[in-house]
Structure formats: C-alpha cells, structure tokens
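Asks: Got a structure here, written out as structure tokens. Questions coming.
The values are calculated or read from the model by the stated rules, or taken from the named source; none is laboratory data. Quick caveat: nothing in here was measured; it's all calculated off a predicted structure. Neighbour counts are summed over all protein chains in view; Cβ atoms, including those assigned to glycine, are modelled from backbone coordinates with ideal geometry.
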Amino acid sequence: MTERQKRLLFAIVEQYAEVASPVGSNLLARAFNVSPATIRAEMAHLEELGFISQPHTSAGRVPTDKGYRFYVNNAVDETAGMQGPEKRSEKALATRVHEGGLPERTIRNAVDTLVELTHNLGMATIGDQLYMSGLSNLFGQPEFMHPGQVQEVARLLDNLEPWLKEAAPNQPLNVYIGRENPIGRAAGCSLIISKFRSPFSDTSYIGVLGPTRQSYREVMNLVSRAGRALEGSWYE
C-alpha cells in the first residue's frame, strides 16, 4: 500500500464515521487535490486488497473490517499537545472520575461519561456484575434499525459478561472489530475495552460497544484514559 492509499483509507474511515453514508470520489478528490478519476483508481486498488467495499453500484466506498483493523493498528496518536475536543473530553472524563467518591460510584461516573462523549453503549465490571449504560445510544445508530440486527446485538450483550469472566483479556487496551468479536460476530459491532485494577479486582474492565463505523482514534483514547484514571484514583 502506498502512502497516498494509506491516507485515502484513513480518510474514508474517518469520513464514514462522521456521515454514516458511503464516501464518494468527488469529496475525496477535493480533499487530496487530485482528480476524481485518480481517487477512483486508488479506491479500486484498496477494494482489491479488501480494505474497502462498494455497497451499491455507482455508490461510494465504506471500510471493511480489514480496513478498520489496518486503521486501528496504524493510526498514530496525534493528540499529544492538542487543545482540541479530544483533550477537553479527556479532561472532563478525569474530572468526573475524581468526583466519584465510593469505588462503585466512581466507576459508574466513568461509564456514564464515556456514554456522553462517545455516543456508544458504555460498560464496566463492578465486582461480579456488569454495569451498562447507553442502550438507546447503541440502538439509535442507523446500523441497528433492522430487527434482525437488533437481535444479534442483544445476543452479544447477553453473552458479554460471561465472556469477559472467561476470556479475561490481558492487554491494557483491547479492540475487537466487527467479525473479530469473540461473541456476536454477526452483530456489526466493535468492542473497545480497557483493563484496570480496582478495589473489586485486578482484572476490572471499562469500555464501549458501538457500530463498526465509529471514530476509533478518539474512542480508543477515551477508553484508555478512563482505565488509567480509574486505576490512578486508587493506586497513585
């Protein structure tokens, strides 16, 4: 993959997350200052590699799970030194965590703040229970308007708590995209979770569940920050 193709894929991922409709060549041509024909040729190559797909004839392109995985693995954290929305969001999250008081309330505050900031479903383990908030956010996404898709998501949620206990993901930040999800492969969701130590367990988790179409860089930063802030509130 060339550098321009990489940048083009990143642009498609980020634009699709924002507009929830296939991204066309004319829009990208203006952004990259090249002709639409050049963009279409680059898109065709990315499609051959399996990073994007064309849902309808003459429509724009959308990222595939493989495209999202490449983005997640290669997107550079550019938030250092920024004073933009991401940094303000992280500050708001840290403030809510430190306002929590009792450990259970602190974790719930962190989850509720993630829901507000990411517009996804938020979750965390509190002892032997899984606290979830923001179901309306999740089912309000355009991807989940079909009843069959809602059933798949509900099945995933039913199995999430036992899976967390059994699998106990060991990385500080874990990202499961679309069909990579160990549960609910057909749900069209991505699960982003951070492991942290809490007074309840050394393997506590906080994270979000949302459609595969989302702003991964921002959400990953926020989930990671939530885990660090929670752990730091007890073990600094």
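Asks: Please go through the stretch 188-236 and pick out each residue that is farther than 23 Å from residue 73 by Cβ and not in a helix (DSSP H, G or I).
Replies: 197, 198, 199, 200, 201, 202, 203, 204, 236
Asks: When you scan the stretch 195-208, do you find a residue that is surrounded by 23 or more Cβ atoms within 10 Å (Cβ to Cβ) and free of Cβ contacts under 8 Å to residues at least 60 places away in the same chain, even just one?
Replies: Yes, there is a match, as at least one residue in the stretch 195-208 is surrounded by 23 or more Cβ atoms within 10 Å (Cβ to Cβ) and free of Cβ contacts under 8 Å to residues at least 60 places away in the same chain.
Asks: Do we have any residue at all in the stretch 27-43 that's among the hydroxyl-bearing types (Ser, Thr, Tyr) and in contact with a Pro (Cβ under 8 Å, 6 or more places away or on another chain)?
Replies: no
Asks: If a residue has to be part of a helix (DSSP H, G or I), aliphatic (A, V, I, L, M) and farther than 24 Å from residue 18 by Cα to count, how many in the stretch 129-173 make the cut?
Replies: Here the count works out to 6.
Asks: Kindly indicate whether residue 177 is within 21 Å of residue 94 (Cα to Cα) and either at pLDDT 90 or above or among the polar types (S, T, N, Q) (or both).
Replies: Against the criterion (within 21 Å of residue 94 (Cα to Cα) and either at pLDDT 90 or above or among the polar types (S, T, N, Q) (or both)), residue 177 does not qualify.
Asks: Since residue 179 meets every condition but one in (1) in contact (Cβ under 8 Å) with a residue 60 or more places away in the chain; (2) assigned to a loop (DSSP other than H, G, I, E, B), which condition does it not meet?
Replies: Unmet condition: (2).
Asks: Need pairs with beta-carbon distance below 6 Å; first residue more than 15 Å from residue 43 (Cα to Cα) and within the stretch 7-23, second part of a loop (DSSP other than H, G, I, E, B); sequence gap 6+ or separate chains.
Replies: Note: pairs meeting the criteria are 17/213; 17/214; 17/215.
Asks: Quick one: how many residues across the stretch 225-236 are modelled with pLDDT of 90 or more and either of a type in the set (Asp, Glu) or surrounded by fewer than 20 Cβ atoms within 10 Å (Cβ to Cβ) (or both)?
Replies: Matching residues across the stretch 225-236 total 2.
Asks: Taking residue 91 as meeting all but one of (1) modelled with pLDDT under 85; (2) closer than 19 Å to residue 230 by Cβ; (3) touching a helix residue (DSSP H, G or I) at 6+ places or on another chain (Cβ under 9 Å), write down the number of the exception.
Replies: In the conditions (1) modelled with pLDDT under 85; (2) closer than 19 Å to residue 230 by Cβ; (3) touching a helix residue (DSSP H, G or I) at 6+ places or on another chain (Cβ under 9 Å), residue 91 misses (3) alone.
Asks: Take the stretch 98-125 and flag every residue that is in a loop (DSSP other than H, G, I, E, B) and β-branched (Val, Ile, Thr).
Replies: Within the stretch 98-125, none qualify.
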